Each structure stands twice: as structure tokens, then as C-alpha cells.
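Colleague: Can you read through this structure? Questions will come right after.
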Amino acid sequence: MCGIVGAVAQRDVVPILLEGLKRLEYRGYDSAGVAVLGGAADGGARSTLCRLRSTGRVAELEKLSRAEALAGRIGIAHTRWATHGVPSEKNAHPHVSGGVSVVHNGIIENHDELRARLRAKGYQFASDTDTEVIAHLIHSNLHSGTSLFDAVRASTAQLVGAYAIAVVSDGEPSRFVAARHGAPLLLGLGEGENFAASDASALVQVTSRMIYLEDGDCAEVALGSVRIIDAKGAAVERPVHASQLSAAAVELGPYRHYMEKEIHEQPMAVANTLEMVSGAQSVSAQLFGAEAERILGEVDSVLILACGTSYHAGMVARYWIEGVAGIPCNVEIASEYRYRASVPNPKALVVTVSQSGETADTLAALQHAKQLGQRYSLCICNVPESALLRASELRFLTRAGPEIGVASTKAFTTQLAVLVLLTMTLAKVRGRLSREREGELLLSLRHLPTALQNVLHIEPQVKMWAEKFAQHQHALFLGRGIHYPIAMEGALKLKEISYIHAEAYAAGELKHGPLALVDKHMPVVAIAPKDALFEKLKSNLQEVRARGGELHVFADQDTRMTGGDGIQVIRMPDHAGLLSPILHTIPLQLLAYHAALDRGNDVDKPRNLAKSVTVE
Ligand code: F6R
């Protein structure tokens, strides 16, 4: 989704801004732009506002700025993911009004009304965006004697919706202003230079000292200082965090794509996430926060809220939580829950699951739950200091490392690992986990990184299947029980990066409609672990074969299932019992990855998708 970078320094900031944009490319975008106070190659000492924008990749913008010899000591830059107005140069940010220039993430809901008011004042609009409204609004509030900071504050007070903005004005060439409400924004502190960005990874090359702005904050960022005013207008000091993010962690290394790297990083990502229990004889509620023992003891049910892949992790967890801990668990798509008239249960533990911690729908769903009086919240998230983590009482930070590929992979398996820990803890608090069972499960968790590594060895076989899938337009994914959500995740992975239409069904549902789609042109993937439903699943697979459907079965080693006419089987190396869904995820990620490659797609930046969905 959109990305913001801002910088003020005593050196040329154009390379810093462009490098920052490149590091934000993974979020997904369709156009990019930069504005500096400076100009041609004079070291940027002048204060003329210069803006360059282009559709397509940041590399295009970089070429353009080299050709124009763009330079400046203060500037803002942006990658845009179209919401209002098609992807085009005129809609790309920064937007300008006189000497004011603005970049914006989020959506301004009252833009029509503001546009009408500004038009009445004589402002003319050059784009179809909601952002241009902000630029004109700030310009209209910039009367003589008013600072840019005050003009931005007066303007944001009139905005309805979500925003993170960075603003420069040629009237104040040594400082820029950053403000946020409902969309993430942070400041980076350097030595005699300061920065702002929507994501810490954009600044990793210039500083590791970060200040995360709170909702309603407005900051004035100058060479040697930053000043922050909170939503109530009070001057505030926000804590400075040392970011753990290293430049190496966001680099590709020997891999061709981030998705490939992240699939292969899963053993390590899961090992890091489970580090706190790696030598432990028992699980402790403290893993989820200081108050967890009390809260987990008081809750009588669980409500999981999430989107996309994270929602699938929640669906898997429902089987664990009800099956092992024995308490009711509901799982809801966050964008549905937030607008549904649900019956609140103040004793439910509201669990949000999110890779980014910034997904607008999940954040709004949590706020909605709180408004309904649901006071117990836990967030499982991969990004430290993200909005969701900060809004939750209890938290568990997955340690997958930065996930750059748009298709979520290692975030999902680490979420599942944490959800196993949550299940064990809930069961233990309720006296439903014997010491013996606890020990067995901890042993399986310790073995999990090795088991994941073993599954990765089947990649060459999966790659051969992918070649065939790449030639199809449709595919079906089948699973039963706890592997049904894994089938859903497999279908999502395939469609989002290979653009092959894929549907997942609980295998028992086939005969209630979708069997009509099955013929020899329909490849069918089945997830066939050796569990209590295996024989039932085999009957469902017979239904597919009887209609000529081509079966591709991921079976556990101990099923002794073999291939035959119209049935191909890949045997999974390990049988992992309760943890089986985590292992069965890997071949489905590999299938999607190789099918997308075979179709020549941009695996890391699939069309129409963004990494963090910070708009509704
Ligand atoms: C799919 C994918 C998305 C995200 C969803 C939620 O591969 O990545 O479906 O899972 O947008 O994002 P987070 O987990 O950041 O809340």
C-alpha cells in the first residue's frame, strides 16, 4: 500500500528519499513521486519547490530525477496505491498547492465537501485524488504569520478519515511537518538530520532510532530537533526506540524473490518465534504479557478477528482451541465483524492476528469490539510497535523477520506456532493440559523447525506439478477438519500470485454443489494427513476420480497412499499430529510460487495487491 518518506539534512536528500521508496516497494504501489525544496545540481541550497512523478517502478522515478539533476536538502516522497483516481502521473503524489507539497497515506472521507469549499475559494484541482484537497487546505490555512506546523494542525482538524501525511512548504525550507491519524507514521532520528516514514524499513539505511507517532500527533521535523503535539494540543515526548531491523534482513541474498526467501526462512522464523519455549519444560501465560495469567483465567471464550491469510491462521486455531483447551472459539473476518450487529461477550478474549499490525479492517474491528465492552484483547503480530500491538492489552510478537513478499508465508506459519502456544496456555489455565501432554507438545514444537526443513526438500516434486497447474485456469483445493483452512490458504496463495482461479472446499461439501465443476480439466489438490478423517477424505477423493478430476494429493508418509490412474501423490516426510497444518502449508506455498513463476508473473508484487492494507 502507499508509502511515505521525508527527510531534512545538510546533504542532498534525494538519494535517501529514493532509497527509502525502494525499501517500501514491497508494500505494493502503482506510481511514485518526490518533491524537494532545492532544484538542479546546486547541492539543493535553494528553496524552490521541485516535483517529479512517474507511473510504474521507483527505478523510473530515479532515472527521471537523474536526468533532471534533482537535488535538495529537504523533501518528501511517496509510492501510491490507487484508491481515488486511476494510477497516473497526475494522480501520483506529492500534490502541490502554491509552494506547499503533500504526500498522504489513507483515505479522506469528507474530500467531496472540502473540495467544494476550496473550489468556492478559487482553488483549482489538477488530480482526482482526495490528497490534493489536503494540499489546498493547508495552503488556504497558511496565512501570513502562520507557521506550516499551525497550518497543518488547522487543516487536519477538518479532515475526516485516515491519514499519515508529510508536508513541505517553500516558506519554511529547513523543516517539514508530519501528522497521523489512523495510518502509521514514524520519525527517524539522525545526527543533525531527521526523517519520517510510514514503515521503519524505509529508514534502515540512515538510522535505527525511531519515534512511533500516536494517533492525532503532529510533528515538526527540523535538522537538529523534532517537536510533537498530541491530539489534545499538548506538547509531548514520545519514547525513542532502537529498531532491531537490519539492512541485511530486508535484502534478497542468494534468492530470486522475497517469496522464495521467505518460504525457505520458515524453519528459522518458527525457531526464533518459539525461542522462549525452546528449553522450557512448561508453557507460561507470561509469554503473552504480565497480566496474561489473570486475564486468560477470567475469559470464557475466544473471538479471533483477522483478514486474509491471518484469518486462515485464526480458522486453524479454532480447531485447536476448542479441541484442546475446550473453550468456545469464534473466528470472524474483521471487515465483516466491524459492521455486524453481534452479541458481545465481555468475557471473551478478543485475539487479533496480523502480520503488519496495521491492517485497517482488523484495527477497526478491535476498536469496535472494545466499544461493545469487550475488554480483554490479545494481538499476535509480526511488527513491533504496530498500531494493533499498541492497542492490545496482551501481545505476542512473532519473530518471522520482515516479510517483504506481498504473499504472506513465514508470517502465517509463525502465527500458527504462536496459536499453538496460546491453545496450550488456555488449556493449562483451565486444568485441561496434563504435564505429560504439555511435555509432548513442547517436544513437537521443538522438532517443528527440523520438520519444516524436511518438507522443503519436496520442492523439486512440487515444482513439476506447478508446471502443469500453470497451464490451467482453475483449480480446486480440498481438506477436511483442521486442514480445511489450510486448503483455503493454498487456494488464496495460488490465486493471488499465479492469477489461476482457485477455490477451497471442505471435502465433505463437494457433493453439495461444487462436484458439478469437476472434469478432466479441473486439477484438484487434496491435503491428506493421516488423521481421524483420512478414510472419509479418501471417499471424497473417489467422488472426484469418478468424474475424471485429476487428483494431486499431499499425503502423510504413514498413509501409504500411492499414485495411480489420475491420482498423483507426494508424500510428506513427517507426520506431525496436532502441528500437521503447519507442515501441510509449505507445499501449497511452493505450488503457488512455482506456478506463478511458470506463468511469468511478478511473484513479489502481484497485481492489484498491497502488503499492508491500511485503507478500508
Ligand atoms: C495474503 C496476504 C493477505 C494478508 C491480509 C491481512 O497472502 O498477505 O491476505 O494476510 O491482508 O494482513 P495482515 O496479516 O498484515 O493483517
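Colleague: Amide H neighbours of residue 526 under 5 Å, at least 5 residues apart or on other chains, H built in the peptide plane: list them.
Modeller: Result for residue 526 returns 478, 552, 553, 554.
Colleague: When the gyration tensor of segment 15-119 is built from Cα positions, what are the square roots of 5 times its three eigenvalues, in whole Å, from largest to smallest?
Modeller: Largest first, segment 15-119 gives 24, 18, 10 Å.
Colleague: Roughly what would the spin-label model give for residue 336 and residue 499, points 7 Å off Cα along C-beta, in nm?
Modeller: Once both label points are built, they end up 2.9 nm from each other.
Colleague: Which FRET efficiency value, to the nearest 0.05, is calculated for residue 300 and residue 598 with the Förster distance at 45 angstrom and r the Cβ-Cβ distance?
Modeller: Calculated value: 0.35.
Colleague: Sequence-distant or interchain residues sharing an amide H contact under 5 Å with residue 572, placed H: which?
Modeller: 555, 556, 557
Colleague: Any idea which of 330, 357, 394 is furthest toward the positive side of the dipole for segment 322-397, if Lys and Arg beta-carbons carry +1 and Asp and Glu beta-carbons -1?
Modeller: The one lying farthest along the dipole's positive direction is 394.
Colleague: Summing +1 for each Lys or Arg and -1 for each Asp or Glu, what net charge is found among the other residues whose Cβ lies under 12 Å from the Cβ of residue 205? Provide the component values of the computation, followed by the final result.
Modeller: Values: positive: 22, 23; negative: 19, 251.
That works out to 0.
Colleague: Segment 107-146: which trypsin sites (Lys or Arg not before Pro) are DSSP loop and have at most 15 other beta-carbon atoms within 10 angstrom?
Modeller: Passing sites in segment 107-146 are 121.
Colleague: Per-residue HN-Hα couplings for segment 487-503, Karplus 6.51 cos²θ - 1.76 cosθ + 1.60 at θ = phi - 60°, whole Hz, x for Gly and Pro?
Modeller: Values per residue, Gly and Pro as x: 4, 4, 5, x, 5, 4, 4, 4, 6, 6, 10, 9, 6, 7, 5, 9, 10 Hz.
Colleague: Which of the trypsin sites (Lys or Arg not before Pro) found in segment 322-410 are loop residues per DSSP with 12 or fewer other Cβ atoms within 10 Å of their Cβ? Before the final figure, lay out each step's value.
Modeller: Numbers: sites: 338, 340, 347, 370, 375, 390, 395, 399, 410; in loops: 338, 340, 347, 375, 399.
Sites meeting the loop and neighbour criteria: 340, 347.
Colleague: Let me cross-check residue 499: its accessible surface, 1.4 Å probe, with only protein heavy atoms counted, in Å² to the nearest 10?
Modeller: Its accessible surface works out to 60 Å², give or take rounding.
Colleague: Which value results when the Cα radius of gyration for the chain is divided by 2.2 N^0.38 Å?
Modeller: On the way: Rg = 25.6 Å, N = 616, 2.2 N^0.38 = 25.3 Å.
So the Cα radius of gyration is 1.01 times the expected 2.2 N^0.38 Å.
Colleague: What residue among 595, 549, 573 has its Cα farthest toward the positive end of the dipole of segment 457-598, where the charges are +1 on Lys, Arg and -1 on Asp, Glu, each on the Cβ?
Modeller: 549
Colleague: On the protein heavy atoms, probe 1.4 angstrom, tell me the percent of accessible surface of the chain carried by carbon and sulfur. Walk me through the intermediate numbers first.
Modeller: Numbers: 11440 of 22950 Å².
Carbon plus sulfur share of accessible area: 50 percent.
Colleague: So what J values fall out for segment 67-73 if you push phi through Karplus, 6.51 cos²θ - 1.76 cosθ + 1.60 with θ = phi - 60°, rounded to Hz, Gly and Pro as x?
Modeller: Using θ = phi - 60°, the values come out as 4, 8, 6, 5, 8, x, 9 Hz.
Colleague: Quick one: dipole size for segment 522-598, taken about the Cα centre, charges +1 on Lys/Arg Cβ and -1 on Asp/Glu Cβ, in debye to the nearest 20.
Modeller: On the way: 7 positive and 9 negative charges, 30 e Å.
The dipole magnitude comes to about 140 debye.
Colleague: Would you mind checking the pairs 410/463; 261/538; 495/611 and listing those with alpha carbons more than 25 angstrom apart?
Modeller: 261/538
Colleague: Using alpha carbon centroids, what distance separates segment 427-506 and segment 76-94, in Å?
Modeller: When both Cα centres are located, 37 Å separates them.
Colleague: OK, next. Using a simple spin-label model with points 7 Å from Cα along the Cα→Cβ vector, what separation in nm is obtained for residue 128 and residue 174?
Modeller: 4.3 nm
Colleague: Same structure again: With a point put 7 Å past each Cα toward its Cβ, work out how far residue 293 is from residue 240 in nm, to one decimal.
Modeller: A separation of 3.6 nm, rounded to one decimal place.
Colleague: Largest first, what is the accessible-area ranking of 381, 50 with a 1.4 Å probe?
Modeller: The ranking, largest first, comes out as 50, 381.
Colleague: Give the separation of the Cα centroids, segment 406-426 to segment 217-295, in Å.
Modeller: 16 Å
Colleague: Largest first, what is the accessible-area ranking of 181, 552 with a 1.4 Å probe?
Modeller: 181, 552
Colleague: Still on this model: Check residue 109: other-chain or 5+ apart residues with amide H under 5 Å from its amide H, H built from backbone geometry?
Modeller: 160, 161, 162
Colleague: Over segment 457-598, give the accessible area per residue in Å² for a 1.4 Å probe, as an integer.
Modeller: For segment 457-598, the per-residue accessible area is 38 Å².
Colleague: Suppose all protein chains stay in the model; what accessible area per residue would a 1.4 Å probe give for segment 2-250, in Å²?
Modeller: 37 Å²
Colleague: Now for a different question. I'd like the accessible area for residue 565: 1.4 Å probe, protein heavy atoms, all chains in place, Å² to the nearest 10.
Modeller: Spelled out: residue 565, probe radius 1.4 Å, area about 130 Å².
Colleague: Among 448, 233, 278, whose Cα lies farthest out toward the positive end of the dipole of the chain, if unit charges sit on the beta carbon of Lys, Arg (+1) and Asp, Glu (-1)?
Modeller: Of 448, 233, 278, it is 448.
Colleague: Can you compute 3J(HN,Hα) from phi for each residue in segment 445-459, using the Karplus curve 6.51 cos²θ - 1.76 cosθ + 1.60 with θ = phi - 60°, rounded to whole Hz and x for Gly and Pro?
Modeller: My calculation for segment 445-459 gives 5, 5, 7, 4, x, 5, 4, 5, 4, 4, 5, 4, 5, 7, 3 Hz in order.
Colleague: Contour minus end-to-end for residue 560 and residue 545, with contour as 0.36 nm per residue of separation and end-to-end as the Cα-Cα distance?
Modeller: Working: separation 15, 0.36 × 15 = 5.40 nm, distance 1.85 nm.
Roughly 3.5 nm would be gained on extension.
Colleague: Report the gain in length on full extension from residue 516 to residue 434: 0.36 nm times residue separation, minus Cα-Cα distance, nm rounded to one decimal.
Modeller: Length gained between residue 516 and residue 434: 24.9 nm.
Colleague: Would you check the accessible area of residue 30, probe 1.4 Å, heavy atoms only, in square angstrom rounded to 10?
Modeller: 40 Å²
Colleague: Let me ask you something else. Setting aside same-chain residues fewer than 8 positions from residue 530, which aspartates and glutamates have a Cα under 16 Å from its Cα?
Modeller: 556, 558, 574
Colleague: So which GluC sites (Glu not before Pro) in segment 170-252 end up in coil per DSSP with only 10 or fewer other C-beta atoms within 10 Å?
Modeller: Passing sites in segment 170-252 are 191, 237.
Colleague: Label segment 377-457 by shape, choosing from rounded, prolate and oblate, from the square roots a ≥ b ≥ c of the eigenvalues of the Cα gyration tensor; if a/c is under 1.5 it is rounded, and otherwise prolate applies when a/b is larger than b/c, oblate when it is not.
Modeller: oblate
Colleague: Counting Lys and Arg as +1 and Asp and Glu as -1, each charge on the Cβ, what is the dipole of segment 377-524 about the Cα centre in debye, to the nearest 20?
Modeller: Charge dipole, segment 377-524, about its Cα centre: 360 debye, nearest 20.
Colleague: Size of the dipole of the chain about the Cα centre, Lys and Arg at +1 and Asp and Glu at -1 on the beta carbon, nothing else charged, in debye to 20?
Modeller: 360 debye
The values are calculated or read from the model by the stated rules, or taken from the named source; none is laboratory data. Please read these numbers as outputs of a predicted model, since none were measured by experiment. Neighbour counts run over all protein chains shown; Cβ positions are idealised from the backbone, glycine included. All accessible areas refer to the heavy atoms of the entire protein, side chains included, with ligands and DNA or RNA removed. Shrake-Rupley method; radii C 1.70, N 1.55, O 1.52, S 1.80 Å.
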